[in-house]
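This report concerns only the one structure given below.
Every read-out reported here was derived from the displayed coordinates using simple, explicitly stated rules and does not represent laboratory data. Here the structure is a predicted model, which means the values were calculated and not measured. Positions of Cβ are generated from backbone atoms using ideal geometry, with glycine treated the same way; all protein chains shown enter the neighbour counts.
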Amino acid sequence: MVEIVNRPYASAFETFAVARPEVLCLSADLTSSCEVDGFRDRHPDQFLSLGMAEQNMLSFAGGLAMQGFRPFIHTFAVFLYRRPYDQLINSIAYSNRKVRMMGFLPGITTPGGITHQAIEDIAVMRAIPNMTVLETGDATEVETVLEAADAVDGPVYVRILRGQVPRLFSTPFEFNRLRTLSDGDDVLVLTSGICTEEAMRAAAALSGHGISVHHLHASTIKPFDRDGLVAAMRGKKAVVTLENHIITGGLGTIAAEIMAEEGVGIPLRRLGLNDTFAHGASRPYLMKKYRLDAKALVDAIVSVLGHSVTIEESELEAVRLDEVHSSAKAEAL
Amino acid sequence: MAIPNRKSTEEIAHGIRRRVFFHSMRNNGGYLSQACSAAEFLALMYNEVLNLGAPTLPMTPKPFMGVPSASNPDAFTGAGYHGPFAPEYDRFFVSPAHYALVIYSALIEMGRMGEEGLEHFNRDGGSVEMIGAEHSPGMEVTTGSLAQGLSMASGLAWARKRAGEPGKVWVFMSDGEFQEGQTWEAIAAMNYHGIDNVGVIVDVNSQQCDGAMSSVLDLGDLAGRVASFGATVQSVDGHDLDVLRKATSAFEPGKPLFVLANTSPFQGMSHLKKRFPRLHYVRFKSAEEKQDMQTEIARELGISETELEALAHG
Ligand SMILES: Cc1ncc(C[n+]2csc(CCOP(=O)(O)OP(=O)(O)O)c2C)c(N)n1
Ligand SMILES: [Mg+2]
């Protein structure tokens, strides 16, 4: 049974920021939804409330960075790059300012529907020069990503998991280094974020059926550990990627680009949202519907390898249900 | 021509509070405070102000039929609960999409949606989303990213005006939306283009997610700011139906009308005051707190023991 950590970001951010007076916590009226309400109450001098005005907040952060502060912006992932995109480019990215954007509720982890689901954020952020893109996949990474992010000389976008987060890893976030979660000979599976937990489940089930999976978890999306990926692809029959994101411009695209550039001639299957918006529903429902779960991965692997094993849903059980009503948040979301 | 309804506006307002109360108790939380602040003016809008035809969508909401695209003929919006589009009819945009539960309750009170609609709330595969989506009952546009409704309404209104359509475009907004710059861009455009077929009703409950707006990012003199662009502004008691009635008909030629409904976030449920300043989404921290809220609010709403029994068993 995996350990579930409650609000790992809250305490990690507090410990991190208190030791660094140049770090400022910025918030846009989603303070408790981003788990920094305790920080606001205990460290008001390091906290700036900017209200529901994200465009201003991003440019404002650019100004703070000019004076040597390192602003950590907290809001839902969507509100960091959709409305304030021009501000992000011109007030932050172009001048390579050290602004750290903490994006909560990535992808379909929110039931808030398309207005709240950041499904193309990685594609957008990855396309921005100077930008570094990180994504957390478990409680340990949430707890240790802050230092990694803050060591970057330039703007950083981080997908943060919040609330009840499973602990999958025992070693801290390591910048630009793929994590090897299982070694295997048949297929290379590359995952990120919440999809990694799904893939761990899938890999375990597949090994019971004689399919051996080499599983890599990516938490630095830009830059990317090209060497690690290329080395792992050697000798494999196929590559399958799984991401909580559209398959255009995200992890699957990164794999495709590297494979093409390196001349790796094996099949690639990309799993993720396929050129569609989602809608408001629970996370397990959406993961199943849009084929982001362990079952989808198993099916893709079996098919790309041309095997005929059938793996029942029950073998992949242990689905965690999100507490919509956890006492942690002020918004329903 | 509004559809015939035998309920008074007061009764509808009361019904909205009751429905949102029952729903929130059953689900251990909800956007309860928004029912307190918005019940009167939404009841008035639906029952007296808006000129809407009969609903064109089924009483029992349809399931989600996929996102809009050229290859999806089944996609629909929830505007059908406001009746057909016709030159003489009004349009009504709900900009703060998190008020969805309150809107659904109002639609039920008005007989525009079946009571069972609320059972679909936040249900996987359904259209009755927690944060109202374009396909949710009463919704016509995508507004969950706040402060875009007014701009869309202005564009629609400009086009309707050019076409000579007599129907108005009404927009319901929250005060939090006045923190976003886009709201002010919209107001400037409305005034510059003399868009006088838009009416805006704002829930000035002085609340947002983080608590009291004055503790987050104060709006200053909201009425003065809006008026300074040239709009007609009526800043009134948002729970007084008589003054709301007058305010919503105060249109002046060449100007948009803004009705600022100054409201209390615990009107009709005084016990909610205990939760101040955390009213945006009410989630009970313990069984005791819930029981206490339930008993006290039920008393104030005149909900009987038998109804509460049914709640406990249903
Ligand atoms: C652009 C945007 N930023 C942030 C949010 C998250 N959010 C949802 S409701 C809300 C509070 C807005 O204030 P208001 O609508 O007045 O809240 P209420 O009175 O219902 O508490 C916020 C910040 C959002 N939906 N859209
Ligand atoms: Mg408000």
Original post:
Which whole-number percent of Cα pairs in the protein assembly as shown have a distance greater than 32 Å?
Top reply: 51
Subject >> Set of aspartates and glutamates near residue B:290 by C-alpha distance (under 13 Å), chain-local residues within fewer than 8 positions excluded >> reply: none
**OP:** With unit charges on the beta carbon (Lys/Arg positive, Asp/Glu negative), name the residue among A:23, A:79, A:10 whose Cα is farthest towards the positive pole of the charge dipole of region A:4-166.
**Re:** A:79
Original post:
Which of the lysines could be linked to residue B:285 by a straight reach, that is with a Cα gap under 21 Å, when you skip same-chain ones fewer than 8 residues away?
Top reply: A:329, B:273, B:274
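Using the Kirkwood formula over every pair of different C-alpha atoms, what hydrodynamic radius in Å results for chain A? Let's see the in-between values first.
On the way: mean 1/r = 0.0499 Å⁻¹.
The answer is 20.0 Å.
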Subject >> Set of aspartates and glutamates near residue B:255 by C-alpha distance (under 15 Å), chain-local residues within fewer than 8 positions excluded >> reply: B:196
Original post:
Which whole-number percentage describes the relative contact order of chain A, with Cα contacts under 8 Å and a sequence gap of 6 or more?
Top reply: 17
Original post:
Per residue, how much space in cubic angstrom lies within the convex hull of the C-alpha atoms of region A:179-324?
Top reply: 111
Original post:
Under DSSP H, which helices of chain A have Cα atoms covering 20 Å or more of the helix axis and a Kyte-Doolittle average no less than -1.0?
Top reply: none
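Write down the percent of antiparallel bridges among all DSSP beta bridges whose residues are both part of the protein assembly as shown, to the nearest 5. Kindly include the intermediate steps, with their values, before the conclusion.
Details: 14 of 74 bridges.
Close to 20 percent.
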**OP:** Can you tell me the relative contact order of chain B? Whole percent, Cα pairs under 8 Å, sequence separation 6 or more.
**Re:** 19
Original post:
Can you tell me the Rg and Dmax of region A:4-166, counting just the alpha carbons, in angstroms?
Top reply: 14.1, 40
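What does the convex hull of the Cα atoms of region B:23-81 come to per residue, in Å³, rounded to a whole number? Before the final figure, lay out each step's value.
Working: hull volume 8.6 nm³, N = 59.
Expressed per residue, the convex hull around the Cα atoms of region B:23-81 is 146 Å³.
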Original post:
For all pairs of alpha-carbon atoms in region B:168-229, what percent lies in each bin of width 10 Å, listed from the first bin to the last filled one?
Top reply: 19, 54, 23, 4
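Counting residues in chain B as N, plug N into 2.2 N^0.38 Å and put the Cα Rg over that result.
Working: Rg = 18.8 Å, N = 314, 2.2 N^0.38 = 19.6 Å.
Compared with the compact-globule rule of thumb, chain B sits at 0.96.
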Subject >> Loop-located GluC sites (Glu not before Pro) in region B:211-314, at most 13 other Cβ atoms within 10 Å (DSSP) >> reply: none
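Pairs to check: A:289/B:62; B:7/B:246; A:236/A:289; A:237/A:295. Give those whose C-alpha atoms are more than 22 Å from each other in this structure.
Working: A:289/B:62 18 Å; B:7/B:246 20 Å; A:236/A:289 29 Å; A:237/A:295 20 Å.
Pairs exceeding 22 Å: A:236/A:289.
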